[in-house]
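Visitor: If you scroll down you'll find the structure; I have some questions about it.
The values are calculated or read from the model by the stated rules, or taken from the named source; none is laboratory data. Note that the structure is a prediction, hence the values are computed from the model and not measured. Note that we place each Cβ from the backbone using ideal geometry, even for glycine, and neighbour counts take in every protein chain shown. In case anyone asks, the SASA skips ligands and DNA or RNA and just uses the protein heavy atoms, side chains included. Shrake-Rupley method; radii C 1.70, N 1.55, O 1.52, S 1.80 Å.
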Amino acid sequence: MNTRIGTRETDDPLLEVEDLHTTFTLGHGSVRAVDGVSLTLHRGKTLGVVGESGSGKTVLSRTIMGLNTASNVTISGSVRYAGEELVGRPSKHLRSLFGPEMAMVFQDPMTSLNPVVKVGRQLTEHVRYHLGLGKSEAEKIAIALLTSVRIPEPEARLDAYPHQMSGGMRQRVCIAMALACGPRLLFADEPTTALDVTVQHQILNLLAEQQRDRAMGMVLVTHDLGVVAGRTDEIVVMYAGRVVERAPTTTLFAEMRHPYTEGLLRSIPKTSEAKHTRLNAIHGRPPDLLSPPPGCKFAPRCPYAQERCRNEEPPLTDPETPGHSFRCFYPIGTPENRAAYESNLAAGLPQTLAAAGQLLATEEVA
Amino acid sequence: MARVIATRLLRLVATLLAVTFLTFSMLELLPGDPVDTLLPPDANRTEELVAQIRAELNLDDPFFVRYFSWLGDFVRGDLGKSYITGQTVADTIADRLPITLQLAMMSIGMALLIAVPLGILGAYKQGKWPDTVTSAGVQVALSVPNFIFGIFLIWLMAVQLQWLPATGWNRLTDQGLVANLKTSVLPASALALSQLAVFSRLVRSDMIATLQENYVLTARSKGLPDKYILFRHALRPSSLSLMTIVGINFGALLGGTVIIETMFAVPGLGFRLINAINSRDILVIQGITVFIATAYVVINTVVDLLYSALDPRIRRS
Ligand SMILES: Nc1ncnc2c1ncn2[C@@H]1O[C@H](COP(=O)(O)OP(=O)(O)OP(=O)(O)O)[C@@H](O)[C@H]1O
Ligand code: SF4
Ligand SMILES: [Mg+2]
C-alpha cells in the first residue's frame, strides 16, 4: 500500500507550472516579466533555468514560490506542487510549505542575511518555528548544518554576525539555512554569481552533493549555460519572460535549435580568458519589457531574423525529439536557417555580421 | 575603548568652554542691570548702595576677568549661588532636575510606546487604510503646537471632566506615584504629541525601506510569520535614526520645556532658567546651561553606544 503510493508519487511531477504570467503594473505601463511559462520538475531531478540578466528568472522562481506579493503584481496561470494548486492560495498556507517543502537560496549572499541577527539564530529560527524544537536541539541542528556545508569551527560561527564572514561562507550559510528543514524542492537563484570562480565551483558541487543525499528536486537558475551543463537533467532557456527553448540537458547541447540558446552557448566564459567574456556576448540588448517588439522578441538581436520574425511571434513547437521544444521559425541546423543567415549576411545586418565575426573567432580558436 | 572615552572627554571640555563663554558674552549683551532686580522695588536707589552691590558681586571687573574667575570656580566644582535666592546653583539643579527629567522621560516613553507600533503598522500596511488613517492622524499631530495641545488637555481633563488638576506638581518623592502621575500626565502628554508624530513617521519610512531588503525576503521564504519578521528582523535595523532623534529630543527636553512647564506651573529646570534670565541671575543661568550642555554630550555618547548595540557592524572598531 505504502509502496504503491510511493511509486505513484515518484511518477507524478513534484512541480508543474503551466502558462504562468507575472505582470508588474507601473505608473507608465506594465511589465510582463514572466509571460506564459510552463515547466515540469520531477522528484529528485534538477531543472536549469537559463537566460541573460532581466530575462525573468528571478521573478519566475519567486512567483512559483509565491513570494511576489507586492500590490502591483498580477499573477495568473497554474503552479502545482506535488499535485496541489498554489496560485491563489492564501500566504498563510504557502508559509507552511516554506522550509519543509520548498526553500530558496538567493542571488546575493551579501544582502540575503540579516546583518543584525546572529548566524546561529538565522540558521535555526525557522526550524524551531516549523518543527517546534527547543533551543539546544536547534543548536545541534545548526552545527550539523554548518558542518555539512563545510564551514570550519561551526560552534564558533553560531554567535558570529554575517559581516564577520566572507561571501563564500555566507552563501554556505544561506544554503545550510535553506536546507535546514529538509525541503523537497530547492530554488537556487544564481547561487554563485556574486562569488569568485573557485568558490563558485565549491558551492555548485556542494549543492549537487546535498541534492543527491536528500533526493531533493532543484531549480537551478543561472545566466551561464556552462553552469547548468553538467549539473541538470533538463534546461529551460528564457528570454524576455518567455521560454524560448526547453529540452533535456543532453538533447539541448547535442541539438540546440534556438538562436538565443546558441548565442548563450557562445557567451560561456572560458576559464582561460575569464576576463574577456564581453567579447562573445550576444549582440544588442534585451528588449524593454514596457514596449516589447511585436513579433519574435529576439528578432532585433537575432542573426537569422527575417521579415516574418518581425511581424509574427513563433509559437512553442510540439516536441520532435522527446521533451524538446522551441520558439523559432528558422531553427538552427535547418536549411531555412542557413538561407536566412546567408541573406542577412549579404544584406549586412549588424547582428549577423557580429555573429559572423564570432564564428570566425571560434573557428580560429578551434 | 580608552581612546574613545578620551576623545569624548576632550570634546566635552571643548563644548563646555564654548558654551559657557558664549552664554557669558550673551548675558553681557542683555540690556538692564542685575542690580535692579536685587533691589526691593521700594528701596532707595542710592549710588553708594548700587556701588556696594556691584562690588560685592564683582560686577565692575572687566568681562574676561569675570569669566575666568567663574571658570576657575567651576573647575574647582563650585558653580556659585543665585544672587537672588542665595541657593547654590548645584542645589537648584538638584532640586529642579528630577522634575524635568521625569517629564522628558515620560513624554518620550509615551511617544515611543504609541509611535513604534503605529509606524510598524503603517509600513506593514503601506498604502492600505490603516496606513492612510494613521498617516493622516500623524500629519494633524505634527501641525499642532505643543502648547495648543496643552491648552486642549487642560480644557478637557481639568475644566470639563475635572479628572486632573490643571497645574502644579506633586513630587514623586514626597507625595507618591499616584499623586505625581495626576500632575505629570498632562504636561507629559502635551510634550509627547509632536514627538509621537515625528517618531512614527521615522519608524514607518525606515521600516518601509527595511522591508525591501533582501534579508526580509529571505525571512519570508523561510515561512516565518509576518509579526515575527517585523519585530525580530526588521525593527532593529529600522530604529537607528529613531535612536538619534530620541537622543536629540531628550537633550532638548532637558532645557527646552519652558512653555509647557510655565503653562502647567511645573517647577522644572526650564522654568527656573527663564526666571533666572528675567532677573539676570547670571550664575544660575551659567550653571543650568553648563548642565544642559554636559547632558547633551553624555546623551550623544549613550546614543552612540546604543547604535553599536543595535548594529553589530558598527562594533568593529
Ligand atoms: N518589482 C518589479 N517591478 C517592476 N519590474 C520588475 C520588478 N522586478 C523585476 N522586474 C523586471 O522584470 C524583469 C525580469 O527581472 P528578473 O529579476 O527576474 O531578471 P533575472 O533574469 O533574474 O535577471 P538577473 O540575472 O539580473 O538576476 C526585468 O526586466 C525587471 O526589470
Ligand atoms: S523566430 Fe526568427 S528572430 Fe526569432 S529566433 Fe527564430 S530566427 Fe531569430
Ligand atoms: Mg535574478
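Yes or no, residue by residue, for (1) under 27 Å from residue B:99 (Cβ atoms); (2) surrounded by fewer than 16 Cβ atoms within 10 Å (Cβ to Cβ); (3) away from chain A (no Cβ under 13 Å):
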{"residue": "B:131", "(1), (2), (3)": "no, no, no"}
{"residue": "B:136", "(1), (2), (3)": "no, yes, yes"}
{"residue": "B:146", "(1), (2), (3)": "yes, no, yes"}
{"residue": "B:192", "(1), (2), (3)": "yes, no, yes"}
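Visitor: For segment B:134-222, list the helices (runs of 4 or more DSSP H) that sit wholly inside it and hold at least 2 residues that are assigned by TED's automatic domain parsing to the domain that holds residue B:113 and touching a residue at least 24 places away in the same chain (Cβ under 8 Å); which are they? Can you show your working first?
Guide: Working: elements: B:146-153, B:172-175, B:177-211, B:214-221.
Qualifying helices (runs of 4 or more DSSP H): B:146-153, B:172-175, B:177-211.
Visitor: Another question, then. Residues in segment A:93-105: is at least one within 16 Å of ligand 3 (Cβ to nearest atom) and either surrounded by fewer than 21 Cβ atoms within 10 Å (Cβ to Cβ) or closer than 30 Å to residue B:128 by Cα (or both)?
Guide: yes
Visitor: Let me ask something additional. Tally time: how many residues in segment B:222-235 are more than 7 Å from chain A (Cβ to nearest Cβ), surrounded by 20 or more Cβ atoms within 10 Å (Cβ to Cβ) and either more than 22 Å from residue A:104 (Cα to Cα) or not β-branched (Val, Ile, Thr) (or both)?
Guide: Final tally of qualifying residues: 3.
Visitor: Could you tell me whether residue B:219 is under 26 Å from residue B:234 (Cα atoms), within 14 Å of another protein chain (Cβ to nearest Cβ) and open to solvent by 40 Å² or more (accessible area, probe 1.4 Å)?
Guide: Values: under 26 Å from residue B:234 (Cα atoms): yes; within 14 Å of another protein chain (Cβ to nearest Cβ): yes; open to solvent by 40 Å² or more (accessible area, probe 1.4 Å): no.
Criteria not met by residue B:219.
Visitor: Follow-up question, since we're still on this one. Considering every residue within segment B:196-214, establish whether at least one is open to solvent by 70 Å² or more (accessible area, probe 1.4 Å) and within 14 Å of another protein chain (Cβ to nearest Cβ). First the steps, then the outcome.
Guide: Residues of segment B:196-214 that are open to solvent by 70 Å² or more (accessible area, probe 1.4 Å), as a first pass: B:201, B:212-213.
From what's left, within 14 Å of another protein chain (Cβ to nearest Cβ): B:212-213.
So far as segment B:196-214 goes, yes, one or more of its residues are open to solvent by 70 Å² or more (accessible area, probe 1.4 Å) and within 14 Å of another protein chain (Cβ to nearest Cβ).
Visitor: Would you confirm, using the coordinates I've provided, whether residue A:108 is within 13 Å of chain B (Cβ to nearest Cβ), touching a residue at least 12 places away in the same chain (Cβ under 8 Å) and within 16 Å of ligand 3 (Cβ to nearest atom)?
Guide: Considered against the rule, which asks whether it is within 13 Å of chain B (Cβ to nearest Cβ), touching a residue at least 12 places away in the same chain (Cβ under 8 Å) and within 16 Å of ligand 3 (Cβ to nearest atom), residue A:108 comes out as yes.
Visitor: Something else now. Please go through segment B:236-248 and pick out each residue that is within 15 Å of residue B:312 (Cα to Cα) and open to solvent by 50 Å² or more (accessible area, probe 1.4 Å).
Guide: Within segment B:236-248, just B:236 meets the criteria.
Visitor: List the helices (runs of 4 or more DSSP H) inside segment A:140-231, counting only whole elements, that have at least 1 residues being open to solvent by 10 Å² or more (accessible area, probe 1.4 Å) and charged (D, E, K, R).
Guide: On the way: elements: A:154-157, A:167-179, A:197-214, A:225-229.
Correct list: A:154-157, A:167-179, A:197-214.
Visitor: Follow-up. Among B:218, B:244, B:301, which is the only one that is of a type in the set (S, T, N, Q), in contact with a Lys or Arg (Cβ under 8 Å, 6 or more places away or on another chain) and over 25 Å from residue B:171 (Cα atoms)? Let's see the steps before the verdict.
Guide: Details: B:218 fails: in contact with a Lys or Arg (Cβ under 8 Å, 6 or more places away or on another chain); B:244 fails: in contact with a Lys or Arg (Cβ under 8 Å, 6 or more places away or on another chain).
None of the others qualify; the one that does is B:301.
Visitor: Taking segment B:261-317 as the search range and keeping residues that are within 14 Å of another protein chain (Cβ to nearest Cβ) and of a type in the set (Lys, Arg), which one is most open to solvent (accessible area, probe 1.4 Å)?
Guide: Filtering segment B:261-317 down to residues within 14 Å of another protein chain (Cβ to nearest Cβ) leaves B:306-317.
Those still in the list that are of a type in the set (Lys, Arg) too: B:313, B:315-316.
On the way: B:313: 105, B:315: 108, B:316: 178 Å².
If we take residues in segment B:261-317 being within 14 Å of another protein chain (Cβ to nearest Cβ) and of a type in the set (Lys, Arg), then B:316 is most open to solvent (accessible area, probe 1.4 Å).
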